[in-house]
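Everything on this sheet refers to the single structure shown next.
The values are calculated or read from the model by the stated rules, or taken from the named source; none is laboratory data. Being a predicted model, the structure only gives us computed values, none of them experimental. Every residue, glycine as well, gets a Cβ built from its backbone with ideal geometry; the counts of neighbours run over all protein chains shown.
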């Protein structure tokens, strides 16, 4: 609900871009155009300098009037927006080589379509159609979307965002709409679900934007300004234009920033009201009444972020026993010990704790989003660790449940099975650490530990079902990565389809669970009898188990069976991949005069799988020619 | 700032033209940027700058500085 007394000085008095972004996110009134221009100038003036973000818009209704809002939200997110508007209409010629859109080299291509663009029949009421007709209409609409989206997706248009404008009119059947046998809303939901399913499986780097949800959150009456709609084909009010533009800027953030992986939460006055060390478990605000119910709602909301693939960590200045008691015993606590993949509850400096959390979780600090209510702690972390995004929890509990909803980096453009299983994987990792301790107590070493894991590796050859995950691995893996080549889903699809490229991935299971797809090797087979290692990477969560060696040798064995005798590989050092500096020499590669690494499979044949504490199985998913050679 | 200067400022900012190109007698035909799209943008900017609600029927009449000044004056008088 709008607070009508909000003070405009809260917007214009801030001193950094991050603070301005937070102020605009918390600003509940529609911004006026003069305010939008002023905020854009302010956001542009703050350091660091804006990075370019190239946007192309294909539109069947007026899009130019969005520009001030797009420019503002882009600037707030740190981008200098360079926007290309295609000629008005369903401009499929913009998907042709040589078009203005392709010349613009967009990072994002936004399709702004109306419902009736999907089928002429949608200009008339659909509630009178029978089930069969509705089904046929739905198929026809889906086919039209496939034609439009497919045309653009086949070109280098960057991330493709499809939006379909909801109808400005109320439902055909009025107050009977939800009750009727044919609900327009249900039909649309079904169509959107078909479109989304098709895009997920067939259309990499593409996303259906939920404009109906945008309309729900803004409210239909507050979303459309019919004066501009009927006089200039521009549908949006200032509020809706701003909300829509913010979503576009969010996509830019997700494309251009390090991915957020860990949500680090403070405890006192963040997860509950009050200070448990002083107020005691009975005294903290957490329960059925305000403000305790707002803290509960916030905890509930945090579980939603976990569903997006973020893992949770706790970082609190407290006596460990006090916090542990709340997590275990408080009847209204929603987040329990098992929800947190790591905890630091002590009296150390928070920055110090964050560094050690990053080490424990094996992720970079720039993948952390840190939430804390204290001015002091937020400022200290911002100062000591500027790579961490800091979100200050609002002072009033009522503002807490939604306080992370505007943090762009907590959104996702794709969700893989690995994302959803991440918390469970970190829990497995804790059980593995327990096994290490057990083995050590029994006098055993690392070898006994690895044997005790009973590892089984599945190597998949050219498996396009893993497309999204493979692309994600190239984009997210920084440490165990020889060449750090990044491939978006479209590029990955091309690699998988290429006959002269061998794309191998692996998953690793042990007695504690399955890691999912954690490693990727891309071999280029351009010259006869030789292969070039384009990419080799592995997720850090399976490091130290000889999986990388077993995988490399399994892949060289496959190459040997295809007649390859000479291997070429590179190690391109980056700030983050020192871990793999010795990997190639340790696996039989010698540095040549050309600066590259070479291995002859004659003198250094693939090592036998029995040398590793890992059972290896090879599965050729799509490429039957490989299968015949690759029996384990 | 008087209404004419404030209006000139709004037109110049909205249509992205130098302030000196907007005079007390400027009309849509004088500025390339004051096309149909510029007109709609200007209507939004006028509403928000002068805190008025413009009926859609009035949009196309408000195509010059004198016309807008007259319109704002008539509203103020109400």
**Item:** segment A:100-128, subset within 22 Å of residue A:489 (Cβ to Cβ) and assigned to a loop (DSSP other than H, G, I, E, B), residue nearest to the chain's Cα centre (by Cα)
**Value:** A:107
**Asked** Which pairs have Cβ atoms under 9 Å, sit 6 or more apart or on different chains, and link a residue in segment B:6-18 that is at the interface with another protein chain (Cβ under 9 Å from one of its Cβ atoms) to one that is part of a loop (DSSP other than H, G, I, E, B) and surrounded by fewer than 21 Cβ atoms within 10 Å (Cβ to Cβ)?
**Response** B:14/B:33
**Request:** For residues that are more than 10 Å from chain B (Cβ to nearest Cβ) and more than 19 Å from residue A:207 (Cβ to Cβ), scanning just segment A:239-252, find the one that is surrounded by the fewest Cβ atoms within 10 Å (Cβ to Cβ).
**Result:** A:239
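Just to be sure, is residue B:37 in contact with a helix residue (DSSP H, G or I) (Cβ under 6 Å, 6 or more places away or on another chain), surrounded by fewer than 19 Cβ atoms within 10 Å (Cβ to Cβ) and more than 14 Å from every other protein chain (Cβ to nearest Cβ)? If you could, list the steps in order and put the result at the bottom.
On the way: in contact with a helix residue (DSSP H, G or I) (Cβ under 6 Å, 6 or more places away or on another chain): yes; surrounded by fewer than 19 Cβ atoms within 10 Å (Cβ to Cβ): yes; more than 14 Å from every other protein chain (Cβ to nearest Cβ): no.
When the stated conditions are applied, residue B:37 does not pass them.
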**Request:** Taking residue A:384 as meeting all but one of (1) touching a helix residue (DSSP H, G or I) at 6+ places or on another chain (Cβ under 8 Å); (2) at pLDDT below 95; (3) surrounded by fewer than 20 Cβ atoms within 10 Å (Cβ to Cβ), write down the number of the exception.
**Result:** (2)
**Asked** Taking segment A:7-39, which residues are away from every other protein chain (no Cβ under 12 Å), crowded, with 16+ Cβ neighbours inside 10 Å and part of a helix (DSSP H, G or I)?
**Response** A:11, A:17, A:18, A:20, A:21, A:22, A:23, A:24, A:25, A:39
**Prompt:** Applying the selection to segment A:278-330, what residues are more than 25 Å from the chain's Cα centre (by Cα), touching a residue at least 24 places away in the same chain (Cβ under 8 Å) and not in a helix (DSSP H, G or I)?
**Reply:** A:284, A:285, A:286, A:287, A:288, A:290, A:291, A:316, A:317, A:318, A:319, A:330
**Fill in**
The residue from A:473, A:533, A:495 that alone is surrounded by 18 or more Cβ atoms within 10 Å (Cβ to Cβ), at pLDDT 90 or above and in a strand (DSSP E or B) is A:533
**Message:** Going residue by residue through segment A:428-443, is there one that turns out to be in contact (Cβ under 8 Å) with a residue 40 or more places away in the chain and in contact with a strand residue (DSSP E or B) (Cβ under 7 Å, 6 or more places away or on another chain)?
**Reply:** yes
**Asked** Looking at residue A:518, is it modelled with pLDDT under 90 and buried (at least 19 other Cβ atoms within 10 Å of the Cβ)?
**Response** no
**Asked** Here are some conditions: (1) surrounded by 22 or more Cβ atoms within 10 Å (Cβ to Cβ); (2) modelled with pLDDT of 95 or more; (3) under 29 Å from the mean Cα position of the chain (by Cα); (4) assigned to a strand (DSSP E or B). Residue A:567 meets all but one. Which one does it not meet?
**Response** (3)
**Prompt:** Restricting to segment B:19-33, what's the tally of residues that are in contact with a strand residue (DSSP E or B) (Cβ under 9 Å, 6 or more places away or on another chain) and within 14 Å of chain A (Cβ to nearest Cβ)?
**Reply:** 0
**Request:** Run residue A:485 past the list (1) surrounded by fewer than 17 Cβ atoms within 10 Å (Cβ to Cβ); (2) at pLDDT below 95 and report the number of the one that doesn't hold.
**Result:** (2)
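Taking the condition within 21 Å of residue A:433 (Cβ to Cβ), surrounded by fewer than 20 Cβ atoms within 10 Å (Cβ to Cβ) and in contact (Cβ under 8 Å) with a residue 40 or more places away in the chain, does residue A:362 pass?
On the way: within 21 Å of residue A:433 (Cβ to Cβ): yes; surrounded by fewer than 20 Cβ atoms within 10 Å (Cβ to Cβ): yes; in contact (Cβ under 8 Å) with a residue 40 or more places away in the chain: yes.
When the stated conditions are applied, residue A:362 passes them.
Residues A:53, A:70: which one is within 14 Å of another protein chain (Cβ to nearest Cβ), in contact with a helix residue (DSSP H, G or I) (Cβ under 7 Å, 6 or more places away or on another chain) and buried (at least 23 other Cβ atoms within 10 Å of the Cβ)? Don't jump to the end; show me each part of the working.
Details: A:53 fails: within 14 Å of another protein chain (Cβ to nearest Cβ).
Within the list A:53, A:70, the selection yields A:70.
Among the residues of segment A:223-238, write down those that are assigned to a helix (DSSP H, G or I), more than 9 Å from every other protein chain (Cβ to nearest Cβ) and surrounded by 21 or more Cβ atoms within 10 Å (Cβ to Cβ). Step through it out loud before you land on a result.
Initial filter on segment A:223-238 (assigned to a helix (DSSP H, G or I)): A:223, A:226-232, A:238.
So of that shortlist, the ones also more than 9 Å from every other protein chain (Cβ to nearest Cβ) come out as A:223, A:229.
Matches in segment A:223-238: A:223 only.
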**Test: residue in segment B:55-74 that is assigned to a helix (DSSP H, G or I), within 14 Å of chain A (Cβ to nearest Cβ), more than 10 Å from the chain's Cα centre (by Cα) and more than 24 Å from residue A:230 (Cβ to Cβ)** = no
